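Data block below; observations after.
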Amino acid sequence: MMDFTSWTPLLWLLLLIGVAVGFHYTLVDRPRGLMLGAFLLRVLGIVLLVLALCQPFVREKSDEAHIVFMVDVSQSVDLASAKGALDQVDAGVKKLRQGDSSTLFAMADGLREKPLADFRTMLESWDKGLADDAFRAHSKIGESLLAARLAFPSGKARRLIVFTDGVDTEEKTEASLEQLRDEDVDVLFVPLKGLTAPEAALVGLDSASSLAFHGEVLRLTARVVTNQPMNAKVRLLNKGVAVQEKEVELKPGQEARVWFDTEMNTPGPTVWSAELVPAKDHFAVNNHATTTITVKGKPRLLVIHEDERKMRLFTRALKEQDFDVDLRGKRGLPDTMEELLSFDAVMIANLSATDMTPRQMNLLRRYVADFGGGLIMTGSENSFGLGGYYKTPVEEVLPLISRFEKEKEKPSLAMVLVIDKSGSMQGLPMELARQAAKSAAELLGQQDQIAVIGFDGDAQVFCELTSASQQGTIQAAIDSMEASGGTNMYPGMVLGKEMLERTSAKVKHMICLTDGQTQDADHLGLTQEMVNSGVTVSSVGLGEGAARELLQQIADVGRGRYYESNDPQSLPQIFTKETAQASKSAVQEGLFQPVGITEHPMLAGYDADGLPVILGYVMTEAKPSAQVLLAAEQGDPMLAVGRFGLGIGLAYTSDLTENWGGEWLVWDGCGAFWAQVLRGALRKADTEGVTVRDEVNHGEWVIDVDRRGEDASPLNHLQWKVQTLDQNGNTQDIKMLETGLGRYQARLPLGSSKHLSLRLHDTTEDKLEVRHYHAPYPAEYRLDGEVPDALTTLPTYYVDRLLANLPVASQPKPAGHWFSWLGLLCLLGGLILRRV
């Protein structure tokens, strides 16, 4: 049998047209028979040469074979059975003839080619507890079958022998076997034993509905399987606390169902988890399952206060107004979007920006902008500018900004920043230190002064004491600071002390920043000298290598504050907080009667004159887009609201504790008034007319949406904004396709995502729906997998019949040279006939 590699060179046969025309009009006077014979030989020669260019080859039968052995080593396979498979592989390799060849693969999450001796060593190490859990966590049999066929060389019979328990976590075995059959690859199957160690697995946690109303009793069902008879406990957890526990008797081959009837009393998306505690167990990874249930009902408010006891009177008043209030301390702010979304609003009552991570700040911003949440901040020594929120993502959300016009009668401030610019500050730390210094300068009043000194092995003045009104000069000087050299803070403090001694400012303050261990010197003596002359000193230690003990002592002796951070990104918050604290100008204390500024539904039924007085507030400025509802008589904003993205930012510059809000707390209308105000800031996701169905299929999250109008008619040609947020805070826009009348679909490959929040926003009708995804543990650990029929019906491998009934193989032999020689002979014959 002959084949050709390419037919493209046949286009050269068009040259025969020219040859034929030349023959027809030739003037050569030769016998007609000789001329015709010469012409035909030339034509045949050209045809043969063109066919030679097509690279013809003939197939010759071959009795050589290549055998691919693929041994399953995933977690569901008993390692002793895998070792036995290697013995069969070894015996089979010894049966190969001269000219035959083989390849050995370890199969789990893909393929790894291994020599037999290395394969045995790998299994022995796994037996000793050094298992590669990442590789063994999947059984990608289908993908591995297709990948293994690439090991076959051409011209040999192809046989693939797969040793496996048959459980494919990707469910692609049948399609792969069909493709191998079409490609004439002979596949044999050897079953391996599954895991024999005692094991139980929690297959899933199912809910009768993903939506419930407050107070509704919902049934949650945990599904459990085992490979050996045993007893186990199943716990139901909410917020990490076990709320119910049941015992169950497990039997192999039977899925046990454990149900919990649970009252839904936490509004919003609530994460419920099941935990399995078996009597005997091999893997811990398969003992957990999670689901999210959205509960409609009481508005749920998260309140964060550094000392939560001070907020109890206020939260009690809200609870009497049918609010569900979760009062937490300074470490209580969630760091996942899913937990944030279980609240309708978040109130930051007293929490410094330095106690938040940049991730938490960005989550709060997205919680409001993208998911329609409400963010409320009340006044305290740790709020607004005093809390270091200047130019942060949180301040972006709020209707007020920390910068304000300082009153002339307030004491003027002279502040010196002594900043480490040694080589260890290179890159991001130096960039953020410059940003922190500039933010601090921006917060000062026009009568204040600021200086910037950088130090490495020596000290350098980058900005002399300069009026804060000259922001351009100050910012340019700060930008010129670059990192290099060693670390010696003492000379910088000396220069700063000399500057502060020469100024007549009423308040003098120094901030020292370093990320390393400074050279020995009398830092505490120098600090005491500054204190004696009316200067206060604060210090900032950045990173694990900072001289913490020395910096703490400097702050204690200097009657300032010590800040410690391992994250350079916190520097701007630290500096702005310290600047506001040192300037003694951000707080107004006294008796202040709120003045009504703007009519708003939040204040419906209330007259500002009838509201209680407050005893103090934090000074701020309103953004142009803000609605100021209440203000002090001086015009400073007290209560302001503004929309940010899909949500609301609300700011109250006084507090709701006995510090400044004692008169409010004893007022009979306190709970009703603030409940009305806060309800205006709650998340209001309107999903009426939106039906969402979602499922995970072959590693893809498929979301189907049905949109109906008030008359139940389908709504077509809607504009959607679909976005996901993963566990790392990364967002991804997803395309929504219109698939029918009022029907839309989005498809999202899940990849390695562990947790996702999906935001579906119908921008045409302003409808918002949020869905959540929790990645289950790998299917390898489920113990409920089934071996596909396409695998069990394959022929079985026996060592003695390794080479029996091999598919017919052929090797291609090039034949182009025969066509070339014949073509040249024909052309030569034609030439001879023309000359005879």
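Coordinate-derived values only; no laboratory data. Remember, predicted model here, so these are calculated numbers, not experimental data. Glycine also receives a Cβ, built like all others from the backbone with ideal geometry; neighbour counts cover every protein chain displayed.
Measure nothing fancy, just the Cα-based angle from helix 173-182's long axis to the longest principal axis of the chain, in degrees from 0 to 90, nearest 10.
Approximately 30 degrees, to the nearest ten.
Quick one: putting +1 on the C-beta of Lys and Arg, -1 on the C-beta of Asp and Glu, what dipole do you get for the chain around its Cα centre, in Debye to the nearest 20?
Dipole size: approximately 2920 debye.
Straight distance only, please: which lysines reach the Cα of LYS508 with their own Cα at less than 21 Å, same-chain residues fewer than 8 apart left out?
Qualifying lysines at Cα under 21 Å: LYS406, LYS408, LYS410, LYS438, LYS497, LYS577, LYS584.
Select from VAL692, VAL613, VAL595 the residue farthest towards the positive end of the dipole of the chain; place +1 on Cβ of Lys and Arg, -1 on Cβ of Asp and Glu, and compute about the Cα centre.
VAL692
Rounding to the nearest 20 debye, state how big the charge dipole of segment 268-371 is about its Cα centre with +1 on each Lys and Arg Cβ and -1 on each Asp and Glu Cβ. All intermediate terms of the calculation are to be shown ahead of the outcome.
Details: 15 positive and 15 negative charges, 43 e Å.
Result for segment 268-371 is approximately 200 debye, rounded to the nearest 20.
Is there a quick way to get the dipole size of segment 690-779? I mean about its Cα centre, with the Cβ of Lys and Arg at +1 and of Asp and Glu at -1; what is the value in debye to the nearest 20? Provide the component values of the computation, followed by the final result.
Values: 11 positive and 14 negative charges, 49 e Å.
In debye, rounded to 20, segment 690-779 gives about 240.
How do the peptides 177-184, 288-295 rank, highest first, by the average count of neighbouring beta carbon atoms within 10 Å per residue?
The packing order, highest mean first, is 288-295, 177-184.
Among VAL258, ALA242, THR226, whose Cα lies farthest out toward the positive end of the dipole of segment 224-290, if unit charges sit on the beta carbon of Lys, Arg (+1) and Asp, Glu (-1)?
Going by the charge dipole, the pick is THR226.
Given Cα pairs under 8 Å that are at least 6 residues apart, what percent is the relative contact order of the chain?
Working: 1921 pairs, mean separation 126.5, N = 836.
After rounding, I find 15 percent.
LYS721: which lysines have alpha carbons under 17 Å from its alpha carbon, excluding same-chain residues fewer than 8 sequence positions away?
LYS721 reaches LYS735, LYS767.
How much net charge surrounds ASP322 when only the other residues with a Cβ under 12 Å from the Cβ of ASP322 are counted, with Lys and Arg +1 and Asp and Glu -1?
That sum, taken over residues with Cβ under 12 Å, equals +2.
Which angle from 0 to 90°, rounded to the nearest 10, does the C-alpha axis of helix 816-835 make with the longest principal axis of the chain?
Once rounded, the angle reads 50 degrees.
So what is the relative contact order of segment 690-779, in percent, for Cα pairs below 8 Å that sit 6 or more residues apart?
27 percent
Mind jotting down a quarter of the surface of the convex hull over the alpha carbons of segment 717-836, in square nanometres, one decimal?
For segment 717-836, the mean projected area of the Cα convex hull comes to 22.1 nm².
Among LYS61/LYS95; LYS83/LYS251; LYS83/LYS193, which pairs are too far apart, with a Cα-Cα distance over 19 Å?
Working: LYS61/LYS95 21 Å; LYS83/LYS251 28 Å; LYS83/LYS193 11 Å.
LYS61/LYS95; LYS83/LYS251, as the Cα separations exceed 19 Å there.
Roughly what % antiparallel, to the nearest 5, for the DSSP beta bridges in the chain?
65 percent
Placing +1 on the Cβ of each Lys and Arg and -1 on the Cβ of each Asp and Glu in segment 413-583, which of SER467, THR576, ALA521 has its Cα farthest towards the positive end of the resulting dipole?
Sorting the options by dipole projection puts first SER467.
Could you work out how far helix 32-53 tilts from the main Cα principal axis of the chain, as a 0 to 90 degree angle to the nearest 10?
The two axes meet at around 40 degrees.
Just the Cα atoms of segment 498-557: what Rg and Dmax do they give in Å?
Radius of gyration, then largest Cα-Cα span, for segment 498-557: 12.1, 38 Å.
Check the straight Cα-Cα distances from LYS172 and name the aspartates and glutamates below 12 Å, setting aside those fewer than 8 residues away within the same chain.
GLU143
Going by the alpha-carbon gyration tensor, a ≥ b ≥ c the square roots of its eigenvalues, is segment 339-479 rounded (a/c under 1.5) or, if a/c is not under 1.5, prolate (a/b greater than b/c) versus oblate?
Since a/c reaches 1.5 but b/c is at least a/b, the shape of segment 339-479 is classed as oblate.
Excluding ALA746 itself, calculate the net charge of residues whose Cβ lies under 15 Å from the Cβ of ALA746, where each Lys or Arg counts +1 and each Asp or Glu counts -1.
On the way: positive: ARG693, ARG707, LYS721, LYS735, ARG743, ARG747, ARG759, LYS767, ARG771; negative: ASP694, GLU695, GLU700, ASP704, ASP706, ASP733, GLU738, ASP762, GLU769.
Once positives and negatives cancel, what remains is 0.
Would you mind giving the three semi-axes, in whole Å and largest first, of the ellipsoid equivalent to the chain according to its Cα gyration tensor?
72, 39, 32
Counting other C-beta atoms within 10 Å, which of SER504, SER538, SER412 has the fewest, and how do the rest follow? Could the numbers behind the result be given before it?
On the way: SER504 8, SER538 26, SER412 22.
So the ranking, lowest neighbour count to highest, is SER504, SER412, SER538.
Enumerate the whole-percent occupancy of each 5 Å bin, from 0 to the last occupied one, for all C-alpha pair distances of segment 690-779.
In order of increasing distance, the bins hold 3, 13, 27, 24, 15, 10, 5, 2, 0 percent.
Taking R0 as 51 Å, what's the FRET efficiency between LEU34 and SER154 from their Cβ-Cβ distance, rounded to 0.05? Numbers along the way, then the final one.
Values: r = 48 Å, r/R0 = 0.94.
Calculated value: 0.60.
To make sure I understand, if each residue's beta carbon is the centre and we count other beta carbons within 10 Å, what order do THR503, THR487, THR739, THR653 fall in, fewest to most?
THR739, THR503, THR487, THR653
For a footprinting-style exposure proxy, rank LEU526, LEU760 by other Cβ within 10 Å, fewest first.
Ordered from fewest to most neighbouring Cβ atoms within 10 Å, LEU526, LEU760 come out as LEU526, LEU760.
So what's the back-of-envelope 222 nm ellipticity for the chain, counting only DSSP H runs of four-plus at -39500 (n - 2.57) apiece and dividing by all residues, rounded to 500?
Dividing the helical sum by the residues of the chain leaves -8000 deg cm²/dmol.
Each residue of segment 346-353 in turn: what ³J(HN,Hα) in whole Hz from Karplus with 6.51, -1.76, 1.60 and θ = phi - 60°, glycine and Pro shown as x?
Those phi angles translate into 10, 10, 9, 8, 7, 8, 6, 4 Hz.
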